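Trainee: Quick one: the structure is below, questions incoming.
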Amino acid sequence: MNAQVRLTPADIRKARADNSKMRERDLAGQLGISEAEFVAAFLGETVTRIEPRVSDLLGGLEAVGEVMALTRNESAVHEKIGVYDKVVTGEFNAMVLGADIDLRIFPQRWAHGFSVEKRDGETVRRSLQFFDAAGQAVHKIHLREASNLQAFEALVASLVSDDQSPMAPLPTMNGESKIVEISADPVDVASLRERWSGLTDVHQFFGMLTALKIDRQAAVRHVGRDFAWQLNAGSVKAMFDDAVTGAIPIMCFVSNKGCIQIHSGPVHTIKEMGPWLNVMDETFHLHLRQDHISELWAVRKPTKDGHVTSIEAYNKDGELFIQFFGKRHEGEGERADWRALVEALLAVDQVDAA
């Protein structure tokens, strides 16, 4: 599709009818538009624009009951079934701290919202979908059979926008600056190691990067093997297999610019389908593009409770897109079985030496 040709909503709806089996996100990319612009083409039909007022949304979701929460990026899709409870709201940060749905939300990134209804025979599938300023999905909420439809409809009614007009073309955000200002100077390894070794909490890590003006991937590349070592890309599958076999509960973080979604607990059913590595458990689904892993790192961060070990996957653009820990709570030491699992995974330098 010629990017210079502005598609009308009717054009987009026809493309959907002509490609009924294609995923909407993929079709939007093929058409040269964002997913938000694709969804907005159905305003007045199966879509209603709602205000992305995160505090009001979170305040009304608990009454809806069981739903499926979905957060994704280009390389990983994270789905959790549960209830939005234990909500903490704020202008710049919000949290859902429930037993099943665990989120860290950045409300100022939420620019567009829609209530969507899709009919499949006699079944109507309902969802709330939220996007950033460039039309990229930040979070979606899908109703389930056990959801409270009356509470859902009341929530939608409270969020309906006065503006139901067609969406104007959205800006592309390719030139958006990174959150951390990056210095053009070489990495000061001595300063990096000094600050890294002085960490007492994993949440201090971002402040360290900001102070040193380096990005996360540069930090793990330069800090030294006692704190970070590169793993063979196939180690993600090996990690899942070992976690299943050893009944080791893990934490899995998938993020985009507007939301971080976390699974904490065991995993049971792991399936590979082409490039996709899938977790297909009762209340947790993960879909991970293994071919998008450009670098995989094991990372040790000091804390007041001893060091914490994570596995971090980076894409070709150097962006962290999925992260794994052993399940732990603040104030607890790391599980010995998780630490042993990570330390036993095949490192790149072991492959090179073979």
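Trainee: Which of (1) under 16 Å from LEU57 (Cα atoms); (2) β-branched (Val, Ile, Thr); (3) touching a residue at least 24 places away in the same chain (Cβ under 8 Å); (4) in contact with a strand residue (DSSP E or B) (Cβ under 7 Å, 6 or more places away or on another chain) is the odd one out, the single condition THR89 does not satisfy?
Mentor: (4)
Trainee: Next question. Based on what the data block shows, is VAL308 hydrophobic (A, V, I, L, M, F, W, C), open to solvent by less than 40 Å² (accessible area, probe 1.4 Å) and touching a Cys at 6+ places or on another chain (Cβ under 9 Å)?
Mentor: no
Trainee: Out of the stretch 183-215, which residues are in a loop (DSSP other than H, G, I, E, B), on the phi < 0 side of the Ramachandran plot and not small (Gly, Ala, Ser)?
Mentor: The answer is ASP185, PRO186, VAL187, ASP188, LEU199, THR200, ASP201, ILE214, ASP215.
Trainee: Residue pairs, Cβ under 9 Å, 6 or more apart or interchain, first in the stretch 130-148 and within 11 Å of GLU37 (Cα to Cα) and without any contact (Cβ under 8 Å) to a residue 12 or more places away in the chain, second open to solvent by 10 Å² or more (accessible area, probe 1.4 Å) and assigned to a loop (DSSP other than H, G, I, E, B). List them.
Mentor: That search, which allows pairs on different chains as well, returns nothing.
Trainee: Looking at the stretch 64-161, what strands (runs of 3 or more DSSP E) fall wholly within it and have at least 2 residues that are more than 19 Å from MET280 (Cα to Cα) and open to solvent by 10 Å² or more (accessible area, probe 1.4 Å)?
Mentor: Correct list: 94-97, 112-120, 123-131.
Trainee: Determine whether THR89 is farther than 18 Å from ALA69 by Cα and among the polar types (S, T, N, Q).
Mentor: no
Trainee: In the stretch 311-354, which residues are of a type outside the set (Asp, Glu), at negative phi and surrounded by fewer than 16 Cβ atoms within 10 Å (Cβ to Cβ)?
Mentor: Listed by number, the residues that qualify are LYS316, HIS329, GLY333, ALA336, ALA340, ALA344, LEU346, GLN350, VAL351, ALA353, ALA354.
Trainee: Here's something else I'd like to know. For the stretch 38-52, which positions are closer than 29 Å to SER75 by Cβ and either at pLDDT below 95 or assigned to a loop (DSSP other than H, G, I, E, B) (or both)?
Mentor: Passing the criteria: ALA41, PHE42, THR46, PRO52.
Trainee: What's the number of the condition LYS21 fails, among (1) more than 22 Å from the chain's Cα centre (by Cα); (2) basic (Lys, Arg); (3) farther than 15 Å from LEU128 by Cβ; (4) surrounded by 14 or more Cβ atoms within 10 Å (Cβ to Cβ)?
Mentor: Exception for LYS21: condition (4).
Trainee: Cβ-Cβ distance below 7 Å, separation of 6 or more or different chains: which pairs start in the stretch 212-227 with a residue that is over 13 Å from TRP196 (Cα atoms) and end on one that is assigned to a helix (DSSP H, G or I) and open to solvent by less than 30 Å² (accessible area, probe 1.4 Å)?
Mentor: ASP215/LEU209
Trainee: Would you pick out the residues in the stretch 242-260 that are open to solvent by 40 Å² or more (accessible area, probe 1.4 Å), in contact with a helix residue (DSSP H, G or I) (Cβ under 6 Å, 6 or more places away or on another chain) and not in a loop (DSSP other than H, G, I, E, B)?
Mentor: If the condition is that a residue be open to solvent by 40 Å² or more (accessible area, probe 1.4 Å), in contact with a helix residue (DSSP H, G or I) (Cβ under 6 Å, 6 or more places away or on another chain) and not in a loop (DSSP other than H, G, I, E, B), then ASP242 is the only one that fits.
Trainee: Now, a different point. For the stretch 21-32, indicate whether the set of residues that are closer than 23 Å to CYS259 by Cβ, touching a residue at least 60 places away in the same chain (Cβ under 8 Å) and among the hydrophobic types (A, V, I, L, M, F, W, C) is non-empty.
Mentor: no
Trainee: I would also like to ask the following. Is it true that some residue in the stretch 291-304 is farther than 20 Å from HIS203 by Cβ, of a type in the set (Asp, Glu) and under 24 Å from the mean Cα position of the chain (by Cα)?
Mentor: So far as the stretch 291-304 goes, yes, one or more of its residues are farther than 20 Å from HIS203 by Cβ, of a type in the set (Asp, Glu) and under 24 Å from the mean Cα position of the chain (by Cα).
The values are calculated or read from the model by the stated rules, or taken from the named source; none is laboratory data. If you're wondering where the values come from, they're calculated on a predicted model, not measured in any experiment. Here the Cβ is made from the backbone with ideal geometry for all residues, glycine too, and neighbour counts use every protein chain on show. Remember, those area values only see protein heavy atoms, side chains included, never the ligands or the DNA or RNA. Shrake-Rupley method; radii C 1.70, N 1.55, O 1.52, S 1.80 Å.
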